[in-house]
Amino acid sequence: MNGHCNGKISNTVEDYNRNEKKCFGDLAVEMKKSAVICEQEFSRKKTEDESRLPAIEAAYSIILRELGEDTDRQGLLRTPLRAAKAMQFLTKGYHENVNDILNDAIFDEDHDEMVIVKDIDMFSLCEHHLVPFFGKVHIGYLPNQKVVGLSKLARIVEIFSRRLQVQERLTKQIATAVSEALQPKGVAVVIEAAHMCMVMRGVQKINTRTVTSTMLGLCREDPKTREEFLSLTMR
């Protein structure tokens, strides 16, 4: 009797171990595939950037000469190349999309209270003058059985801010991206930013801040929900 039971237990343990190895093996294969795809995409983007670099560098050389500068003097010899690389970095969001960065970081979770990530640093370029604007982004959402890894909200901000932008559109793009990815009951985004086009040129008002907001779903329809978000972020 004991021998029969022991045999059954042994078979069960072996089956469990076999299934566990298979599951971990399948997971490892999927992770490896994902890593290969990411590496290939990174390589493609890098090649694309490198192929465009000479034209951007030449354009900066022309700009410097037309401003009356001597591009052959020591301090400016590599400036066109540095500026070209910097501009590619500052606009790298054109090569990125939300689906890639979320990377299976959306989880089933029975949580129905507001989730807020505030004071996310943001840097972008004004598309009108190509000078920086920068500030803080506050994001909140009401989950609908799904939550996202908190760092991914900051990554979404990075994708859309690393493009030529206006603050109003940037605010809406972030809110729409969160809404489409999570299908939450509501989304709220507020951006507070200083614009160098108002500080360094034009009216030259140093202490001005621009505040924009986008509210979707319950965050737009329900005054109490909207008030909760604003009271927790605008302090």
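Throughout, read-outs are computed from the coordinates displayed, never taken from laboratory work. Since this is a predicted model, take the numbers as computed values, not measurements. Cβ atoms come from the backbone with ideal geometry, glycine included; neighbour counts cover every protein chain shown.
Ranking Met196, Leu232, Cys219 by Cα position along the charge dipole of the stretch 187-235, where only Lys, Arg, Asp and Glu carry charges on their C-beta atoms, puts Met196 farthest toward the positive end. Coupling constants for the stretch 153-169 follow from the phi torsions by the Karplus curve (6.51 cos²θ - 1.76 cosθ + 1.60, θ = phi - 60°), and in residue order they are 5, 5, 5, 4, 4, 4, 4, 7, 7, 7, 8, 6, 9, 10, 4, 4, 5 Hz; glycine and proline get x.
Over the stretch 76-140, the pair-distance histogram of Cα-Cα distances with 10 Å bins from zero comes to 14, 31, 32, 15, 6, 2 percent, rounded to whole numbers.
Listed cross-link partners Lys152/Lys205; Lys118/Lys224; Lys46/Lys172 are compared with a 25 Å cut-off, the Cα-Cα value being larger for Lys152/Lys205; Lys46/Lys172.
Our summary gives the stretch 124-170 a relative contact order of 56 percent, counting only alpha carbon pairs under 8 angstrom and 6 or more residues apart.
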